[in-house]
1. Contact list please: Cβ distance under 9 Å, first residue in region 94-115 and hydroxyl-bearing (Ser, Thr, Tyr), second residue surrounded by fewer than 18 Cβ atoms within 10 Å (Cβ to Cβ) and assigned to a loop (DSSP other than H, G, I, E, B), pairs at least six apart or on different chains.
2. Among the residues that make up region 146-156, is at least one of them β-branched (Val, Ile, Thr), at pLDDT below 85 and not in a helix (DSSP H, G or I)?
3. Is there any pair linking a residue in region 56-85 that is over 14 Å from Val5 (Cβ atoms) to one that is in a helix (DSSP H, G or I) and among the acidic types (Asp, Glu), with Cβ under 8 Å and at least six apart or on different chains, and which?
4. Report yes if some residue within region 91-103 is crowded, with 16+ Cβ neighbours inside 10 Å, closer than 25 Å to Arg141 by Cβ, modelled with pLDDT under 80 and basic (Lys, Arg); otherwise report no.
5. What is the one condition in (1) within 30 Å of Lys22 (Cα to Cα); (2) hydrophobic (A, V, I, L, M, F, W, C); (3) over 17 Å from the mean Cα position of the chain (by Cα); (4) buried (at least 18 other Cβ atoms within 10 Å of the Cβ) that Phe68 does not satisfy?
6. Can you tell me which residue in region 5-53 is surrounded by the fewest Cβ atoms within 10 Å (Cβ to Cβ), limited to those that are of a type in the set (Gly, Ala, Ser) and at pLDDT below 80?
7. Among the numbered conditions (1) more than 15 Å from the chain's Cα centre (by Cα); (2) hydroxyl-bearing (Ser, Thr, Tyr); (3) within 20 Å of Ile3 (Cα to Cα), tell me where Tyr130 comes up short.
8. Cβ-Cβ below 6 Å, separation at least six or inter-chain, first residue in region 1-20 and more than 21 Å from Arg179 (Cα to Cα), second at pLDDT 75 or above and among the aromatic types (Phe, Trp, Tyr): which pairs?
Amino acid sequence: MFISVFSFHPEIDKINYSKKFKVVQGITFRPRSDKPIFLKVLDMFNIWGKHLSFLLFWAVLKDKCLFFFRAENWKAYCKSDVILVGHDGVLSDINLLFAIFVKGIGKKTAIFGCGFKKFRFRITEKLAPYIMSKIDLVILREKRSYNYLHSLGVPANKIDLKPDPAFLMKAADDSEIDRIFEKERLITDEKPLIGMIALR
């Protein structure tokens, strides 16, 4: 089985995952938020343009299109049987375009562990039932998200409600936690230690 992990920090993830998976530089359809607006627009056209070009070349040449598209992410697309996408907020207006791209190159796709409030644009709400009917499986982690998509007319057989994968994992024992703390240089005598992440 060939598994690729698309990562936005491959230099870090290669250390942790490269023995089991091939770590590939990820490409997001959403440009970085810390850039000026005109650079974000240029980024979007660049990203969309490359994917549209790949889609057109794929339609004619299939795997032979890799002669023109040599980056690792394009190779991973071609070798994949299923493309899984996960994380909170992945169902955005822009990221739904990725679902169209994946189906365009004839791959199965699933979105899991997803939670979000609502789409920003009315046009996305109108198109969501059609686009998401093409996705093979969407697993949501919140009842609110499930009810919202259901209210838009997304086919019920395409969406499912399950706990976030993090809550399904077996808790690590104390010795494993100590090993992780030592590896990541998080050793501290101060208790308790609380992990937090800041988003803006």
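The values are calculated or read from the model by the stated rules, or taken from the named source; none is laboratory data. If you're wondering where the values come from, they're calculated on a predicted model, not measured in any experiment. Note that each Cβ is placed from the backbone with ideal geometry, even for glycine, and that neighbours are counted across all protein chains shown.
1. Thr109/Asp136
2. In the first step, residues of region 146-156 are kept if they are β-branched (Val, Ile, Thr); the result is 154.
Retained after the next criterion (residues that are at pLDDT below 85): none.
No, region 146-156 contains no residue that is β-branched (Val, Ile, Thr), at pLDDT below 85 and not in a helix (DSSP H, G or I).
3. Every condition considered, the pairs that remain are Cys78/Asp63.
4. Within region 91-103 (the criterion being crowded, with 16+ Cβ neighbours inside 10 Å, closer than 25 Å to Arg141 by Cβ, modelled with pLDDT under 80 and basic (Lys, Arg)), the answer is no, since none of the residues qualifies.
5. For Phe68, the failing item is (4).
6. To start, the set of residues in region 5-53 that are of a type in the set (Gly, Ala, Ser) comprises 7, 18, 26, 33, 49, 53.
Narrowing the set further to residues that are at pLDDT below 80 leaves 7, 18, 26, 33.
Values: Ser7: 17, Ser18: 12, Gly26: 15, Ser33: 7.
Ranking the candidates gives Ser33 first.
7. Only one criterion in (1) more than 15 Å from the chain's Cα centre (by Cα); (2) hydroxyl-bearing (Ser, Thr, Tyr); (3) within 20 Å of Ile3 (Cα to Cα) is unmet by Tyr130, namely (3).
8. Pairs found: Ile3/Phe21; Val5/Phe21.
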